[in-house]
Amino acid sequence: MRRNSSPREFHPRMRKFKQVDVFTTIPYHGNPVAVVMDGDDLSTEEMQRFARWTNLSETTFLLRPTVPFAGHPTIGTCHAWLEAGGIPNSDGFVIQECEAGLITLRNDDGLAFAAPPLVKSGEVDDADLDDVCAVLG
């Protein structure tokens, strides 16, 4: 096998990640998400490559704050962080920052959170309506 010695060649190091089964306590009955524990130094292209490699509908990367919000990746990421030894600042609660703001997750009989405030409200513009109609057929 010929090796490419280009200086731009991507040499990924092994990434610590977990696959979390969200919205269930029964293995293989939930919604899986891959959570990468150390994604700060990855480019967007490298994250996309990793996400394709997991072959899951969602992959999250623990980064310094400023990631977008979605329900099951938020819960899965929190779960993976706690299992990896993450220690919340407040007993029973974890606060994650995302594009929608600070999300407080309660950790008692499982993880739960209240929906964050709307990022967008008001009339739907024509471009967004066209996109939704195209997706829904």
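Here are the numbers for this structure:
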item: Candidate set: segment 86-95, residues that are under 13 Å from residue 110 (Cα atoms) and surrounded by 11 or more Cβ atoms within 10 Å (Cβ to Cβ); chosen: the one farthest from the chain's Cα centre (by Cα); result: 93
item: Qualifying residues in segment 75-85 (those that are of a type in the set (Gly, Ala, Ser) and farther than 15 Å from residue 103 by Cβ) - the one least open to solvent (accessible area, probe 1.4 Å); result: 80
item: Residues located in segment 96-116, provided they are in a strand (DSSP E or B) and either of a type in the set (A, V, I, L, M) or open to solvent by 30 Å² or more (accessible area, probe 1.4 Å) (or both); result: 96, 97, 102, 103, 104, 105, 106, 107, 111, 112, 113
item: Any hit, segment 3-21, residues being under 27 Å from residue 117 (Cα atoms) and at pLDDT below 95; result: yes
item: Failed condition for residue 42, given (1) among the aliphatic types (A, V, I, L, M); (2) in contact with a helix residue (DSSP H, G or I) (Cβ under 8 Å, 6 or more places away or on another chain); (3) outside any loop (DSSP other than H, G, I, E, B); result: (3)
item: Identity of the residue in segment 87-113, over 18 Å from residue 67 (Cα atoms) and among the small types (Gly, Ala, Ser), that ends up modelled with the highest pLDDT; result: 112
item: Residue 50 vs. criteria surrounded by 14 or more Cβ atoms within 10 Å (Cβ to Cβ), at pLDDT 90 or above and farther than 25 Å from residue 115 by Cβ; result: yes
item: Some residue of segment 54-74 being touching an Asp or Glu at 6+ places or on another chain (Cβ under 6 Å), touching a residue at least 12 places away in the same chain (Cβ under 8 Å), outside any loop (DSSP other than H, G, I, E, B) and within 21 Å of residue 19 (Cα to Cα); result: yes
item: Of all residues making up segment 58-74, the number that are of a type outside the set (A, V, I, L, M), open to solvent by 40 Å² or more (accessible area, probe 1.4 Å) and closer than 21 Å to residue 45 by Cβ; result: 4
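The values are calculated or read from the model by the stated rules, or taken from the named source; none is laboratory data. Remember, predicted model here, so these are calculated numbers, not experimental data. Every residue, glycine among them, receives a Cβ derived from its backbone with ideal geometry; neighbour counts consider all protein chains shown. These area figures cover heavy atoms from the full protein model, side chains too; ligands, DNA and RNA do not enter into them. Shrake-Rupley method; radii C 1.70, N 1.55, O 1.52, S 1.80 Å.
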